[in-house]
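A short write-up of the structure that comes next.
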Amino acid sequence: MTMRKTVAVAFLSLLALCWSSLVFAQTTIDSVRLHRAPDHTRIVFDLPGPVDHKLDKLANPDRIVLDLQNAALDFDVKTLDYASSPIANIRVGKHTDKTRVVLDMNESVRTRTNLLKPIEPHGWRLVVDLFDKELTTATANDSKPTPEKSKKSAEPKAQRLMVVAIDAGHGGEDPGARGPSGAYEKTIVLQIAKKLEAMVNEKAGMRAVMVRDGDYYVPLVERRKIAREKHGADVFVSIHADAFTDARANGASVFALSNRGATSARARYLAKIANESDRVAGVYEEEKDDSSLYSVLADLQMNGSMAGSLYLGRQVLLEMGKVTKLHGNRDKVEQAGFAVLKEPEMVSILVETGFISNPTEERNLRSSAHQTKLARSVVKGIDAYFRSHPAPNSWYAAQRREQGDEYRIQPGDTLSEIARQYSVSEQSIRSANGMDGDRIMVGQVLKIPRS
């Protein structure tokens, strides 16, 4: 009987020891990232699983205290670049049952935390957002107008510049696709977008605004607002790099919005991936895009902007085909329900610059020379669009009045529609081109008389 009691006591002691070890076992956190956006700072802790946490704000001096329960931080926070943020210093204290992270602040901020469930390419994440207390109107999204060149400064004030909004896809916690050598889509498309910005600002008659100009994420609905509501953009160009499981897939392509279903299975797939960006980036519920409601409200106006988007897309594809291979050798603009393009008052396209999943195209996309060629082809396509669709009182409209113009017939064009676009009569077009009737052919070039 004594032996049985001894065995029982030993077993219970061992069980208690194991239970105690399980209770006090600590989760190890070995990866932390920091992203600085124009109006906030985001700190991301990569977790092997859910972690209980507590965040407190202290004043005099301003500090933020984050307690990570039953967790050990195996990461050197000194490697984080917070120089451009309100954070003055980061300290870490290790305790028996928790790790305490203290952020010494230069100024007070508004805080928010979010425990995110796994979604490719991320596992569990704890996001700590520090929102700047006083948001200035001049942020990185307020793309500073480039000093006008002499040819622009000589333009009358009434000749407004056409505004091109350039959206580098993904960013921050949403890396986009990854190439065989490890290149991230978010990095490559930002490089191309900055080259495109410089070229647009060098071009007479237009100026660029950047939706994002650094490694941070902008929610999809906010991208549209920055472009149209904040900057009054005439054209919105979203830059991306494609990816597929088959590394042989290659070629550039251009997409426009569709509110009647996708034109192909690939277009549908790409739209689904693009529309998942908010979830990957960890956007708060109230910041997410309510595309279904927006579509109902916008459909009445959308058809006009979609027609313009298809025309712009064709011009960009035509130019891109001169500097890079097109996907499937197709020069057709495809359509699908891309949330980022759903702006009824703005002509919008999404440009896939090539397949980052293809080793050869990844090398090309990383090449500064190839990026320059791609950016220049996009600018040429935009210029062609503005020349055929000049806004009233714009530099392009003034050029047309002074010089007249030429127009290349596109599929679906009619003489009456062309006359309406150029604000001239159908008869004046007939007379300028020696035409007896209304018959026109795709590819035909018409002289457009001065209005």
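The values are calculated or read from the model by the stated rules, or taken from the named source; none is laboratory data. Just so it is clear, the structure is predicted and the values come from calculations on it, not from any experiment. Glycine gets a Cβ as well: all are built from the backbone with ideal geometry, and neighbour counts include every protein chain shown.
A few points about this structure:
- Among residues of segment 353-365 that are over 9 Å from Ala241 (Cα atoms), those with a Cβ under 8 angstrom from a residue that is at pLDDT 95 or above and in a helix (DSSP H, G or I), sequence gap 6+ or separate chain, pair up as Asn364/His370.
- Search result, residues across segment 48-80 that are more than 22 Å from Arg110 (Cβ to Cβ) and among the charged types (D, E, K, R): Asp52, Asp74, Asp76, Lys78
- Residue in segment 228-239 that is more than 30 Å from Trp395 (Cβ to Cβ), touching a Ser or Thr at 6+ places or on another chain (Cβ under 6 Å) and modelled with pLDDT of 95 or more present: no
- Some residue of segment 357-374 being modelled with pLDDT of 95 or more, touching an Asp or Glu at 6+ places or on another chain (Cβ under 8 Å) and not in a helix (DSSP H, G or I): yes
- When Val323 is tested against (1) of a type in the set (A, V, I, L, M); (2) closer than 22 Å to Ser305 by Cα; (3) in contact with a His (Cβ under 9 Å, 6 or more places away or on another chain); (4) surrounded by fewer than 20 Cβ atoms within 10 Å (Cβ to Cβ), just one condition goes unmet, and that condition is (2).
- Any hit, segment 65-81, residues being touching a residue at least 12 places away in the same chain (Cβ under 8 Å), closer than 22 Å to Gly172 by Cα and among the small types (Gly, Ala, Ser): no
- Complete set of residues in segment 399-417 that are under 33 Å from the mean Cα position of the chain (by Cα) and among the aliphatic types (A, V, I, L, M): Ile409
- Condition check for Ala247 on (1) among the small types (Gly, Ala, Ser); (2) farther than 22 Å from Val280 by Cα; (3) surrounded by 22 or more Cβ atoms within 10 Å (Cβ to Cβ): one failure, at (3).
- Answer from Val189, Val209, Val221, Val200 - the residue that is at pLDDT 95 or above, under 19 Å from Ala256 (Cα atoms) and not small (Gly, Ala, Ser): Val189
- Unmet criterion (only one of (1) in contact with a strand residue (DSSP E or B) (Cβ under 7 Å, 6 or more places away or on another chain); (2) assigned by TED's automatic domain parsing to the domain that holds Pro180; (3) in contact (Cβ under 8 Å) with a residue 60 or more places away in the chain) for Ser309: (3)
- Residue check, Lys230 over 19 Å from the mean Cα position of the chain (by Cα) and farther than 20 Å from His35 by Cβ: no
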